[in-house]
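Peer 1: Quick one: this structure, given as structure tokens, is what I'll be asking you about.
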Amino acid sequence: MKNSKAKGRIKRSIRIRFKINGTTDRPRLTVFRSNRYIYAQVIDDTLGKTLSFINEKEIQSSKEKKMTKNEKANLAGQLLAKKAILSKISKVVFDRNGYKYHGRVKALAEGAKMGGLKF
């Protein structure tokens, strides 16, 4: 990677992953943020499986009104929480994946909390 910002985020992500691990009881909710969309998934690291996921593209196609990126991230968190609760997951470990807990990442986390997930 040429960009030093991206290198720094990946280094932070690796450092965080040494400390955070998703189990069957408390899977890991991880976030990926691109310039255009935000993606989140709930992962069980012991099995190496994704239990549920959401991306902002699904929200964009289902809603007709214009929303800001933060509003979409918040709605994505709420929808992910509903999917996780349907999969009988109520507690998760939040993995911010090297991003600051700010802006869209924070909005997604707050949306997941409002949806019923416990961090």
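Peer 1: Probe of 1.4 angstrom, ligands and nucleic acids ignored: what's the accessible area per residue over the chain, in square angstrom?
Peer 2: 64
Peer 1: Show me, for region 110-119, the HN-Hα J-couplings you get by feeding each phi into the Karplus relation (A = 6.51, B = -1.76, C = 1.60, θ = phi - 60°), rounded to Hz, glycine and proline as x.
Peer 2: 5, x, 5, 5, 5, x, x, 7, 10, 9
Peer 1: Under 5 Å between amide hydrogens, which residues at least 5 positions from Thr23 or on another chain qualify, with H placed 1.01 Å from N in the peptide plane?
Peer 2: Those lying under 5 Å, H to H, from Thr23 are Arg28, Asp45.
Peer 1: Apply the Karplus parameterisation 6.51 cos²θ - 1.76 cosθ + 1.60, with θ equal to phi minus 60°, to every residue of region 12-19 and state each ³J(HN,Hα) to the nearest whole Hz, in sequence, with x for glycine and proline.
Peer 2: Those phi angles translate into 5, 4, 5, 5, 5, 5, 5, 8 Hz.
Peer 1: Nearest 0.05, what FRET efficiency do Ile14 and Lys83 give at R0 = 35 Å with Cβ-Cβ as r? Could the numbers behind the result be given before it?
Peer 2: On the way: r = 27 Å, r/R0 = 0.79.
The pair Ile14/Lys83 has a calculated efficiency of 0.80.
Peer 1: Give the long-range amide H neighbours of Leu51: residues separated by 5 or more places, or on another chain, with amide H under 5 Å away, using H modelled in the peptide plane at 1.01 Å from N.
Peer 2: HN-HN under 5 Å from Leu51: Val42, Ile43, Asp44.
Peer 1: Let me ask something additional. Does region 1-90 classify as rounded, prolate or oblate by the C-alpha gyration tensor (a ≥ b ≥ c root eigenvalues; a/c under 1.5 gives rounded; else a/b over b/c gives prolate, otherwise oblate)?
Peer 2: It is oblate, given that a/c is not under 1.5 and a/b is not larger than b/c.
Peer 1: Round to a whole number: what % of the accessible area of region 17-119 belongs to carbon and sulfur, probe 1.4 Å?
Peer 2: Within region 17-119, the accessible surface is 51 percent carbon and sulfur.
Peer 1: Residue separation times 0.36 nm, minus the C-alpha to C-alpha distance between Lys69 and Asn55: what's the value?
Peer 2: Here the segment from Lys69 to Asn55 would lengthen by 3.8 nm.
Peer 1: Any idea which of Gly116, Val31, Ser4 is furthest toward the positive side of the dipole for the chain, if Lys and Arg beta-carbons carry +1 and Asp and Glu beta-carbons -1?
Peer 2: Among Gly116, Val31, Ser4, the one farthest towards the positive end of the dipole of the chain is Ser4.
Peer 1: Within region 79-119, name every residue whose backbone N is under 20 Å away from a label modeled 7 Å from Cα of Ser4 along the Cβ vector.
Peer 2: Label zone hits: 98-100.
Peer 1: Roughly how far apart, in whole Å, are the Cα centres of region 84-119 and region 18-47?
Peer 2: Using only Cα atoms to place each centre, the spacing works out to 9 Å.
Peer 1: Rounded to the nearest 0.05, what FRET efficiency is calculated for Lys118 and Asn21 with R0 set to 25 Å and r the Cβ-Cβ distance?
Peer 2: Working: r = 17 Å, r/R0 = 0.69.
Efficiency, from the Cβ-Cβ distance: 0.90.
The values are calculated or read from the model by the stated rules, or taken from the named source; none is laboratory data. None of these values were measured; they are calculated from a predicted model. Note that we place each Cβ from the backbone using ideal geometry, even for glycine, and neighbour counts take in every protein chain shown. Accessible surface areas use protein heavy atoms only, side chains included; no ligands, DNA or RNA. Shrake-Rupley method; radii C 1.70, N 1.55, O 1.52, S 1.80 Å.
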